[in-house]
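Have a look at the structure below before the remarks.
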């Protein structure tokens, strides 16, 4: 399995418009009602939301340098949805690296460095090559074929059946 960061929203310091905040909070409510997932809605009052996912993508790539990619993905998700911490803020991402007991100085250097920026651009290129434009997505690569796998958040059966059909 290979994780590829998607880069949904580029870097910005601009606050997310109020209407967009309401829309996304509404998505959270729908997901909570449909799946039972928990959300901390304090995020919308406690933080200054920005539509900027590149910092979190860079954090995943910087954590990958320390063999902690999945741990960082999990930490970012938990911080955003349950702890009302803003993953668009580098301070949040560095705090998570510290909680994960990563080398924080190295993480902070990597987070802001050109090596991680190049890795980010390579992941974006790969995402486009795979034809992925929604997140999260699954793509099965068999020989030279790329097969998009359906994602159903309530049951894994459809995804599993699609994978098994090509194996």
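So the values come out like this:
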| quantity | calculated |
| --- | --- |
| Test for residue 70: is it within 16 Å of the chain's Cα centre (by Cα), in contact (Cβ under 8 Å) with a residue 60 or more places away in the chain, surrounded by fewer than 17 Cβ atoms within 10 Å (Cβ to Cβ) and assigned by TED's automatic domain parsing to the domain that holds residue 41 | yes |
| Any helices (runs of 4 or more DSSP H) falling wholly within segment 31-124 and containing at least 3 residues that are closer than 19 Å to residue 7 by Cα | 54-64, 69-81, 90-99, 104-112 |
| Residue 152, sole failed condition from (1) surrounded by 11 or more Cβ atoms within 10 Å (Cβ to Cβ); (2) touching a helix residue (DSSP H, G or I) at 6+ places or on another chain (Cβ under 7 Å) | (1) |
| Residues located in segment 109-123, provided they are closer than 13 Å to residue 93 by Cβ and buried (at least 18 other Cβ atoms within 10 Å of the Cβ) | 110, 111, 116 |
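The values are calculated or read from the model by the stated rules, or taken from the named source; none is laboratory data. The shown structure was predicted, so the numbers you read here are calculated from the model rather than taken from an experiment. As a convention, Cβ positions derive from the backbone with ideal geometry for all residues, glycine included, and neighbour counts pool all protein chains shown.
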